[in-house]
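The values are calculated or read from the model by the stated rules, or taken from the named source; none is laboratory data. Just so it is clear, the structure is predicted and the values come from calculations on it, not from any experiment. As a convention, Cβ positions derive from the backbone with ideal geometry for all residues, glycine included, and neighbour counts pool all protein chains shown.
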Amino acid sequence: MKEQKKKIMIVEDDIFVMDIYITKLSQVGFEVVEASDGAEALKKLKNDPQKPNMILLDIVMPNMDGLTALKKIRSDESFKDIPIILLSNLSQKEKVDKGFRLGAQDYLIKSHFTPSEVLEKINKYI
């Protein structure tokens with residue numbers, strides 16, 4: 001029986017950033033699910049019987065921001081054990097701290113990490 005691909009959900013409203021992560025993660029064999037905001041991510045989580053192995057979650061997004069989505073994900077028994085890495089910009093330290101309190105495992109400052117370094121972080125948690 002063929003081993004099932006690991007699934008990563010990327011929740012990011014910046015199309016350029018999303019494309020970089022999709023390309024890198026797909027190249028190394030991950031299945032990628034994309035969502036452009038927290039509301040779409042929650043909807044996809046609830047409608048997909050196969051949970052992702054990890055979620056990369058942007059903090060600042062339209063409709064539903066990452067911290068609101070994180071809180072909702074962590075409050076749902078079905079999803080509370082999925083590792084979550086926050087994607088942030090340099091100026092969001094207090095939001096990152098709040099993200100840790102809400103249950104995020106780690107964070108990445110988008111401008112400081114190459115896609116390969118992001119991959120190293122992902123492999124640390126799954």
Open item on the list: Between a residue in region 1-24 that is farther than 16 Å from residue 108 by Cβ and any residue that is part of a loop (DSSP other than H, G, I, E, B) and at pLDDT below 90, which pairs come within a Cβ distance under 8 Å, given they are 6 or more apart or on different chains?
Closed with: 6/126
- [ ] Hey, could you check region 16-47 for residues that are under 12 Å from residue 61 (Cβ atoms) and at pLDDT below 95 and say which is farthest from the chain's Cα centre (by Cα)?
- [x] 17
Open item on the list: Here's a check for you: in region 53-73, which residue that is farther than 20 Å from residue 110 by Cβ and within 13 Å of the chain's Cα centre (by Cα) is surrounded by the fewest Cβ atoms within 10 Å (Cβ to Cβ)?
Closed with: 53
- [ ] List the strands (runs of 3 or more DSSP E) that sit entirely inside region 1-109 and contain at least 3 residues that are farther than 20 Å from residue 126 by Cβ and in contact with a strand residue (DSSP E or B) (Cβ under 6 Å, 6 or more places away or on another chain).
- [x] none
TODO: Give me a count of the residues in region 110-126 that are surrounded by 11 or more Cβ atoms within 10 Å (Cβ to Cβ) and assigned to a loop (DSSP other than H, G, I, E, B).
DONE: 2
- [ ] Confirm whether residue 80 is loosely packed, with under 12 Cβ neighbours inside 10 Å and touching a Gly at 6+ places or on another chain (Cβ under 9 Å).
- [x] yes
